[in-house]
Amino acid sequence: MTRASGNLLAGAATLVAGLGLWLFAGEVDLPVVDPVKAGVVMMCAGGAEVLLGLYRAVRASAGSR
């Protein structure tokens, strides 16, 4: 597995987990963190990692020419 595909996979998993928190954990009360806000942060981090994976994939394919 290349670094690009690893970033894509990890980013997609983080994005989906964050989406699940954002959609389904709205009525959970935790004393330290709000699950909805944590879900939004996880979606942003996952999206950034997906973009990094796409960048690395395009960069690797351009470098092999």
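Summary of computed values
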| quantity | calculated |
| --- | --- |
| Pair list, Cβ under 8 Å, 6 or more apart: the range 52-64 residue touching a residue at least 24 places away in the same chain (Cβ under 8 Å), other residue not in a helix (DSSP H, G or I) | Arg56/Thr2; Ala57/Thr2; Ala60/Thr2 |
| Residue check, Ala12 at pLDDT 95 or above, surrounded by 15 or more Cβ atoms within 10 Å (Cβ to Cβ) and hydrophobic (A, V, I, L, M, F, W, C) | yes |
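Okay, residues lined up against (1) assigned to a helix (DSSP H, G or I); (2) exposed (fewer than 15 other Cβ atoms within 10 Å of the Cβ):
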site: Gly6; (1), (2): yes, yes
site: Val16; (1), (2): yes, yes
site: Leu21; (1), (2): yes, no
site: Glu27; (1), (2): no, yes
site: Val33; (1), (2): no, yes
site: Lys37; (1), (2): yes, yes
site: Gly46; (1), (2): yes, no
site: Gly53; (1), (2): yes, no
site: Ser61; (1), (2): yes, yes
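The values are calculated or read from the model by the stated rules, or taken from the named source; none is laboratory data. Worth saying up front: this structure is predicted, and the values here are computed from it rather than measured. Reconstructed Cβ throughout: ideal geometry from the backbone, glycine too, with neighbour counts over all protein chains shown.
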